[in-house]
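What follows is one structure encoded as structure tokens, with my remarks underneath.
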Amino acid sequence: MKLAVIPARGGSKRIPRKNIKLFCGKPMIAWSIEAALQSGCFDQIVVSTDDAEIAEVARQHGAQVPFMRPAELSDDYTGTTAVIAHAINWFAAQGQTPAQVCCLYATAPFVSANDLLRGLTVLTETGSDYAFSVTSYAFPIQCAIRINETGRIEMFNPEHFNTRSQDLEEACHDAGQFYWGRADAWTQGRMIFSPAAAPVVLPRHRVQDIDTPEDWTRAEWMFKALQAQTN
């Protein structure tokens, strides 16, 4: 059984009701649900939420909400792994044991069905515990600077001040879209960011964290531009 779990608690602080706020004409969570449905690779697509309104919106857009997430897994400090493990254990208790499980974020409107399929392929072909979306930094992280307590500039790695950018190792970061994993990896709490994980590389123009109102505005601009290209 291949299971998609979309975590979507109701307590978003920086962007209230973020998971169901309209994004380019649809509730944010609808874009993730649609990508999962279009991929055709899931036996079940469920939303894990503690919020009745989010549950109803999820059902309207084709996801299932067979359980409500307990309060102890719905605070600001509960990690993704515990939420996914809870969903896996719930299905196992019903006699349906998942084999591959994808955590798909509710706030990932740029996720595509093809990328979800690629993630499953990477997971199975590499034998990894996890396969998740990553993208490259646009600027060498070795040349990053900080503003110190006196309001002046410092380099994190001053030894690279004169190093040419083409001579620095490329760095990547989590794209924050999806995380395929073997069910036992999730339930045993194995680390996602580890040598036991494999990357699913995405282009930078299809990656945008959405944590602040500024992020939201930028993401809508990017999304509309991408839609204009494909139409």
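The values are calculated or read from the model by the stated rules, or taken from the named source; none is laboratory data. Only a predicted model underlies this, so the values are computations on that prediction, with no experimental measurement involved. With ideal geometry, Cβ positions are generated from the backbone for all residues, glycine too; neighbour counts draw on all protein chains shown. The protein model used for the area step is the full one, side chains on, heavy atoms only, and it has no ligands, DNA or RNA in it. Shrake-Rupley method; radii C 1.70, N 1.55, O 1.52, S 1.80 Å.
Kindly indicate the residue of the stretch 62-102 that is of a type in the set (Gly, Ala, Ser) and within 17 Å of Asp129 (Cα to Cα) and also farthest from the chain's Cα centre (by Cα) among those meeting that condition. Give the derivation first.
Our first condition is that a residue be of a type in the set (Gly, Ala, Ser); within the stretch 62-102, this holds for 62-63, 71, 74, 79, 82, 85, 87, 92-93, 95, 99.
Filter once more, keeping what is within 17 Å of Asp129 (Cα to Cα): 82, 85, 99.
Working: Ala82: 15, Ala85: 16, Ala99: 20 Å.
Going through the qualifying residues, I end up with Ala99.
Every residue in the stretch 40-57 that is open to solvent by 10 Å² or more (accessible area, probe 1.4 Å), within 26 Å of Asn114 (Cα to Cα) and either touching a helix residue (DSSP H, G or I) at 6+ places or on another chain (Cβ under 8 Å) or of a type in the set (Lys, Arg) (or both), please. Reasoning before the result, please.
Our first condition is that a residue be open to solvent by 10 Å² or more (accessible area, probe 1.4 Å); within the stretch 40-57, this holds for 40-45, 50-53, 56-57.
Those left that are additionally within 26 Å of Asn114 (Cα to Cα): 40-45, 57.
Scanning the stretch 40-57 gives Gly40, Cys41, Phe42, Gln44, Ile45, Val57.
Would you please list the contacts, defined by Cβ atoms under 8 Å and residues six or more apart or on different chains, that run from a residue in the stretch 62-75 that is without any contact (Cβ under 8 Å) to a residue 12 or more places away in the chain and of a type outside the set (Gly, Ala, Ser) to a residue that is surrounded by 12 or more Cβ atoms within 10 Å (Cβ to Cβ) and assigned to a loop (DSSP other than H, G, I, E, B)?
Going by the 8 Å Cβ cut-off, the qualifying pairs are Glu72/Thr78.
Could you go through the stretch 168-183 and let me know if any residue there is without any contact (Cβ under 8 Å) to a residue 24 or more places away in the chain and either of a type in the set (Lys, Arg) or part of a loop (DSSP other than H, G, I, E, B) (or both).
No, every residue in the stretch 168-183 fails to be without any contact (Cβ under 8 Å) to a residue 24 or more places away in the chain and either of a type in the set (Lys, Arg) or part of a loop (DSSP other than H, G, I, E, B) (or both).
Okay, residues lined up against (1) under 20 Å from Ile210 (Cα atoms); (2) open to solvent by 30 Å² or more (accessible area, probe 1.4 Å); (3) touching a residue at least 60 places away in the same chain (Cβ under 8 Å):
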residue	(1), (2), (3)
Gly79	yes, yes, no
Ala85	no, no, yes
Ile88	no, no, yes
Phe91	no, no, yes
Gln100	no, yes, yes
Ala106	yes, no, yes
Asp115	yes, no, yes
Val122	no, yes, yes
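How about the stretch 197-218: which of its residues are touching a Lys or Arg at 6+ places or on another chain (Cβ under 9 Å), in a loop (DSSP other than H, G, I, E, B) and open to solvent by 40 Å² or more (accessible area, probe 1.4 Å)?
Asp211, Thr212 - these are the residues of the stretch 197-218 that are touching a Lys or Arg at 6+ places or on another chain (Cβ under 9 Å), in a loop (DSSP other than H, G, I, E, B) and open to solvent by 40 Å² or more (accessible area, probe 1.4 Å).
Collect the residues in the stretch 1-21 that are more than 17 Å from Gln208 (Cβ to Cβ) and open to solvent by 40 Å² or more (accessible area, probe 1.4 Å), keeping them in residue-number order.
Met1, Lys2, Arg9, Lys13, Pro16, Arg17, listed by residue number.
So which pairs qualify, if the first residue must be in the stretch 128-142 and over 30 Å from Asp184 (Cβ atoms) and among the polar types (S, T, N, Q), the second must be outside any loop (DSSP other than H, G, I, E, B) and open to solvent by 20 Å² or more (accessible area, probe 1.4 Å), the Cβ gap must be under 6 Å, and the two must be at least 6 apart or on different chains?
Cβ pairs passing all conditions: Ser136/Cys172; Gln142/His160.
Only one residue in Thr187, Thr212 is among the β-branched types (Val, Ile, Thr) and either closer than 20 Å to Leu104 by Cβ or at pLDDT 95 or above (or both), so which one is that?
Thr187
Checking the structure you have, find out if any residue of the stretch 128-149 is of a type in the set (Val, Ile, Thr) and open to solvent by 80 Å² or more (accessible area, probe 1.4 Å). Lay out the reasoning, then the answer.
Residues of the stretch 128-149 that are of a type in the set (Val, Ile, Thr), as a first pass: 134-135, 141, 145, 147.
With open to solvent by 80 Å² or more (accessible area, probe 1.4 Å) added as a condition, the list becomes 145, 147.
So far as the stretch 128-149 goes, yes, one or more of its residues are of a type in the set (Val, Ile, Thr) and open to solvent by 80 Å² or more (accessible area, probe 1.4 Å).
Give me the strands (runs of 3 or more DSSP E) completely within the stretch 50-153, filtered to those with at least 1 residues that are within 19 Å of Leu37 (Cβ to Cβ) and in contact with a strand residue (DSSP E or B) (Cβ under 6 Å, 6 or more places away or on another chain), ordered by residue number.
Passing ranges, in order: 100-104, 130-136.
Hey, can you tell me all the residues within the stretch 58-77 that are out of contact with any Leu (no Cβ under 7 Å at 6 or more places or on another chain) and either closer than 20 Å to Trp31 by Cβ or open to solvent by less than 40 Å² (accessible area, probe 1.4 Å) (or both)?
Ala58, Arg59, Gln60, His61, Ala63, Gln64, Val65, Phe67, Arg69, Pro70, Leu73, Ser74
How many of the residues in the stretch 1-49 are part of a loop (DSSP other than H, G, I, E, B), small (Gly, Ala, Ser) and in contact with a Lys or Arg (Cβ under 8 Å, 6 or more places away or on another chain)?
2
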